[in-house]
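*Asks:* Got a structure here, written out as structure tokens. Questions coming.
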Ligand code: SAM
């Protein structure tokens, strides 16, 4: 049916979203970009027919990829985002008044331009924040060349197909480790382990050779279908073991308002069911 967008990311499993109204459909230099209206999720952004973000459920993904590492770190001033073209990740990072500088490296200027126009409630002014330095470049190239000095690095990438593939390589993770300050934290979007277990295993194997603490944590985001999504966690600090009381103090001091993140959710997200544990070598 022509009024449905069917995402066929997996061999045996697909999800479909009704297209209420197609607002934009065009090819950028790197990928096919669509923005359409859906009755349940609001505006939906797809790249090459894979859902990237929606107005309705993006808060879960953005809150968990930002507040978990930033509040666990406790003193993050310089943050690097790889990907993140819709601006939602930059918004959530900049909501931390303790953050002094954010570098965001997005390969596709088209995603930024269209997100500003069609999904402004995701970035909510983040692109105009003087603390943000937006770089249009391949994240892997940037990582190879950067002088580093980042307290937290967030990889907000597409799946490991097309331009996002280079962001799942051992080389990339090795350069990311070098770009972290001592005690810095690297977090990555690692797909839905029930359906993309190999993706998580590959990242975890690389993290284990780089970091003293390498694991993942989970959150369920409805449009990343098939079960909870895994976020890779790599650090040489013991930030994962910060107490819930300390997180409560930091969260209260941050003044951030959330719809998914709480210090208790933060701690619980690292509790992994056996089927996910088994994917970590
Ligand atoms: N959360 C989504 C998901 O899980 O499917 C992905 C979010 S979307 C903001 C990811 C962004 O990564 C896109 O804007 C895409 O253009 C960007 N991207 C893909 N490959 C990249 C690369 N090699 N360097 C920098 N950005 C890249």
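*Asks:* Name the helices (runs of 4 or more DSSP H) wholly within the range 30-131 that hold at least 2 residues that are near the ligand (Cβ under 10 Å from one of its atoms) and crowded, with 17+ Cβ neighbours inside 10 Å?
*Replies:* Qualifying helices (runs of 4 or more DSSP H): 58-73, 88-94, 109-118.
*Asks:* Looking at this structure, is residue 198 surrounded by fewer than 14 Cβ atoms within 10 Å (Cβ to Cβ) and farther than 30 Å from residue 42 by Cβ? Before the answer, list the steps.
*Replies:* Details: surrounded by fewer than 14 Cβ atoms within 10 Å (Cβ to Cβ): yes; farther than 30 Å from residue 42 by Cβ: yes.
Taking the combined requirement at face value, the residue satisfies it.
*Asks:* Restricting attention to the range 135-146, does a residue exist that is in a helix (DSSP H, G or I), without any contact (Cβ under 8 Å) to a residue 24 or more places away in the chain and away from the ligand (no atom under 11 Å from the Cβ)?
*Replies:* Yes.
*Asks:* Might you check whether a residue that is away from the ligand (no atom under 11 Å from the Cβ), touching a residue at least 40 places away in the same chain (Cβ under 8 Å), touching a helix residue (DSSP H, G or I) at 6+ places or on another chain (Cβ under 8 Å) and assigned to a helix (DSSP H, G or I) occurs anywhere in the range 151-173?
*Replies:* Within the range 151-173, one or more residues are away from the ligand (no atom under 11 Å from the Cβ), touching a residue at least 40 places away in the same chain (Cβ under 8 Å), touching a helix residue (DSSP H, G or I) at 6+ places or on another chain (Cβ under 8 Å) and assigned to a helix (DSSP H, G or I).
*Asks:* Is there any pair linking a residue in the range 95-117 that is assigned by TED's automatic domain parsing to the domain that holds residue 141 and farther than 22 Å from residue 254 by Cα to one that is away from the ligand (no atom under 11 Å from the Cβ) and part of a loop (DSSP other than H, G, I, E, B), with Cβ under 9 Å and at least six apart or on different chains, and which?
*Replies:* 105/146
*Asks:* Please tell me if residue 170 is surrounded by fewer than 22 Cβ atoms within 10 Å (Cβ to Cβ), at pLDDT 95 or above and under 14 Å from residue 211 (Cβ atoms). Steps first, please.
*Replies:* Values: surrounded by fewer than 22 Cβ atoms within 10 Å (Cβ to Cβ): yes; at pLDDT 95 or above: yes; under 14 Å from residue 211 (Cβ atoms): yes.
For residue 170, the condition - surrounded by fewer than 22 Cβ atoms within 10 Å (Cβ to Cβ), at pLDDT 95 or above and under 14 Å from residue 211 (Cβ atoms) - is met.
The values are calculated or read from the model by the stated rules, or taken from the named source; none is laboratory data. Bear in mind the structure is a predicted one, so any value in this text is a computation, not a measurement. Here Cβ is always computed from backbone atoms with ideal geometry, including for glycine, and neighbour counts include all displayed protein chains.
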